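Q: First the structure, then my questions, so here it is.
Since every read-out is calculated from the coordinates, none of them should be taken as a lab result. On a predicted model such as this, the values are computed, not experimentally measured, just so you know. FYI the Cβ positions are ideal-geometry reconstructions off the backbone, even for glycines, and counts take in every protein chain you see.
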Amino acid sequence: MKGLIWLRSDLRTDDNPALLNAIKECEEIIAIYIFSELQWKLHNESNIKHEFLINNLNILDKSLEKLNIPLIAINTKSFKTLPEDLCSFAAKQNIDHIFWNNEFGFNECKRDSAVIESSKKIDIKISRYNDQVIYEPGFLRTGQGNPFSVFTPFKRRWIENFNMNFLDIEKPNIARKPTQVKSDLSNLKFIKTHSVNIEIWPAGEDAAQEKLATFLQSKATSYSESRNSPIIDGTSRISPYLALGILSPKRCILEGLKLNNFEFTSGNKGICKWIDEIVWREFYRNIMYAFPKVSQNQPFQDYTNSIQWRHSSEELEAFYNGKTGFPIVDSGIRQMLEEGWMHNRLRMIVAMFFTKNMLHDWRLGEKFFMQHLIDGDFSSNNGGWQWSSSTGTDSAPYFRIFNPITQSQNFDPNGEFIKKFIPELKDVPIGQIHQPKDDLFSSTDYPAPILDLKESRLRAIQAFKDAREVSST
Ligand SMILES: Cc1cc2nc3c(=O)[nH]c(=O)nc-3n(C[C@H](O)[C@H](O)[C@H](O)COP(=O)(O)OP(=O)(O)OC[C@H]3O[C@@H](n4cnc5c(N)ncnc54)[C@H](O)[C@@H]3O)c2cc1C
C-alpha cells in the first residue's frame, strides 16, 4: 500500500490524525502540499503568512524526513484545478490511498468534494479526519436540533459531551518502507513584500510548543486579569501556529487542562478562560459550517443588509495607514502592519471604530485584516468582524459602541503601548496621550482626528435603527 498525506492547515507531526493513520495503514508514504498563489490572493491571505507558511514547511520537511516521508510541494492554478493536479500526481506516484484532515470553509469543502469525485475515477481511496475541532461541526445541536448560534449554550453542550479520551494523542511511528521519492519544496516561490520577524514568530512545531509551554507556565494563571492589556502581552500569541496547524487545538486544551486538574469550569480562572477562547475558535468554525452565507459575504443578521454604509476614500486611507488621529486605534493598526498580529482588545476597538464611528462596511475591514494578519483565519476573522459590527451571531448589540478614548484609558493607562507603535507621540505627556490636543497636530506629524466621536456614534445608532425599520416593512 502506498499512501499520500495531503497537508493543508495541519503542518505538524504532533496530533496529526491523517499522518498517524497513513503511517498505520500504508508501508510507503509521500506528503504533498499544494500551493496556489491565485487562490491565496482570492482568499486575501497575507504575504507575511505566506512567508511563515514556507518557513514552517521547510522545518516540517526535516521532521517528516525522520519518519521516512518526503514532502513535495506542487503548484496549482486554483481550487478549481486542484483536484485534477492532485489526482494526476497521485496516479503518477501509484498512490493507493490519500489521507487528509478536514477543513470546513465553504470553498474548501467544495474543493474536497471535487477531489473525492476525481479520485473515484482512478480508484484511489480517501480517508478524512478531524484535527481542528473536538466535535465535527454540526454535531453539537440545541435541544430543538438546530445548530448553535450563541456561544454560552454551545460551550455548555461542548463540556457536557466531553470525554477525556478525546485528548489521547498517539505519537506517529516511522513509515515502514523508505520511498525513492525525494523531498522538493522548490515550487513554493512567491514575491515577498513583508518579512516575518523570526524573533517573534519562530517557525516549526518545536517553537510553537515552546511558546505554548512558556505561556502556560508563566502567564496562563493570570490570563483573566492580563489578557486585555496590550502592553503586558498576557496572551499566548499562538494564533499564527493554530492558523496553519503547526499546533493543534487538542494539544492546547490538553496542556491547559493538565495545569488545572482536568477541570473546565473550576480551578484556576485564567486557564478556564483561556480554554474558553480555544472553544470560541471551534464555535466560529461551527457558525461557518452551519451558516454558509457568512462565507459568501453575507451578514449573519439579515436585517443588517439594509445598513447604508458610508464610503470615504480619505477616511479609508487614514485607517489603512494607522493615521485616524485616535492613538489607540492607530497603535493597533500599526502593530498589525509591523508584526502581522494585533492584540485581541485592539482588534475589537479597531473593528468597532471602523464599522460604527466610521460607519464603513465590515467586509472592507475583514479583508484588510486578512491581507495583513499572520494568523489570518477566515472563521475567527469573520466572527470577530461580525461581532464588532453587530451584524453577526452572538454579537455586541448595535448601540453598545466602544469609546476609543475610554478603552485607551482603561487598557493602556500609561500610554506605553501607544508610544511603542506611534513614535510621533513618544514625548506626549500622559494627560494627552489618549486624546492629543489640537496644538499637538501642528507640532508633530500625528494627524488630527478624522471624525467626531459623539456625532459618529449617534450616526451609527441611527443607521442601524433605519436598517431595522427598512427590513421590517
Ligand atoms: C475583528 C477581529 C478579527 C480577528 N481575526 C482573527 C484571525 O484572523 N485569526 C485568529 O486566529 N483570531 C482572530 N481574532 C480572534 C483573536 O483576536 C485572536 O485569536 C487572538 O488575538 C490571538 O492571540 P493569542 O494567540 O495570543 O490569543 P489567546 O488569548 O492566547 O487565545 C488562545 C487562542 O484562542 C483562540 N481565540 C482567542 N480569542 C478568540 C476569538 N475572539 N475568536 C476566536 N478564537 C479566539 C485563538 O486561536 C488564540 O490563539 C479576531 C478577533 C477580532 C475581534
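Q: For helix 82-92, report the angle its Cα long axis makes with the longest principal axis of the Cα atoms of the chain; keep it between 0 and 90° and round to the nearest 10°.
A: Taking Cα atoms only, the helix is inclined about 20 degrees.
Q: Measure up Lys49/Lys155; Lys77/Lys121; Lys2/Lys293; Lys62/Lys273; Lys219/Lys465 against 32 Å on the Cα-Cα distance and list the ones that go over. Don't jump to the answer; show the numbers that get you there.
A: Working: Lys49/Lys155 30 Å; Lys77/Lys121 22 Å; Lys2/Lys293 39 Å; Lys62/Lys273 35 Å; Lys219/Lys465 42 Å.
As for pairs spanning more than 32 Å Cα to Cα, those are Lys2/Lys293; Lys62/Lys273; Lys219/Lys465.
Q: Please report the net charge: other residues with Cβ closer than 12 Å to the Cβ of Leu451, K and R +1, D and E -1.
A: +1
Q: Shifting gears a bit: Highest mean first, what order results for 159-170, 308-319 on Cβ atoms within 10 Å?
A: Packing proxy ranking, top to bottom: 308-319, 159-170.
Q: Contour minus end-to-end for Lys273 and Ile122, with contour as 0.36 nm per residue of separation and end-to-end as the Cα-Cα distance?
A: 49.5 nm
Q: Here's a follow-up. In region 2-130, if every C-alpha pair distance is counted and binned at 5 Å from zero, what percent goes to each bin?
A: Pair shares across the bins are 2, 10, 22, 24, 23, 14, 5, 1.
Q: Residue by residue through region 162-176, which ³J(HN,Hα) values in whole Hz follow from phi under the Karplus form 6.51 cos²θ - 1.76 cosθ + 1.60 (θ = phi - 60°), with glycine and proline marked x?
A: Values, residue by residue: 6, 10, 4, 4, 4, 8, 5, 10, 8, 7, x, 7, 8, 4, 4 Hz.
Q: Consider a paramagnetic label point 7 Å from the Cα of Asp184 along Cα→Cβ; state which residues of region 17-35 have an amide N under 13 Å from it.
A: 33
Q: Something else about it: Per 5 Å bin, what percent of the C-alpha pairs of region 302-472 does each bin hold, from zero upward?
A: 1, 9, 18, 22, 20, 15, 8, 4, 2, 0, 0
Q: Oh, and also: Counting each pair of different Cα atoms once, what's the Kirkwood radius of the chain in Å, rounded to one decimal?
A: Computed over the chain, the radius equals 23.8 Å.
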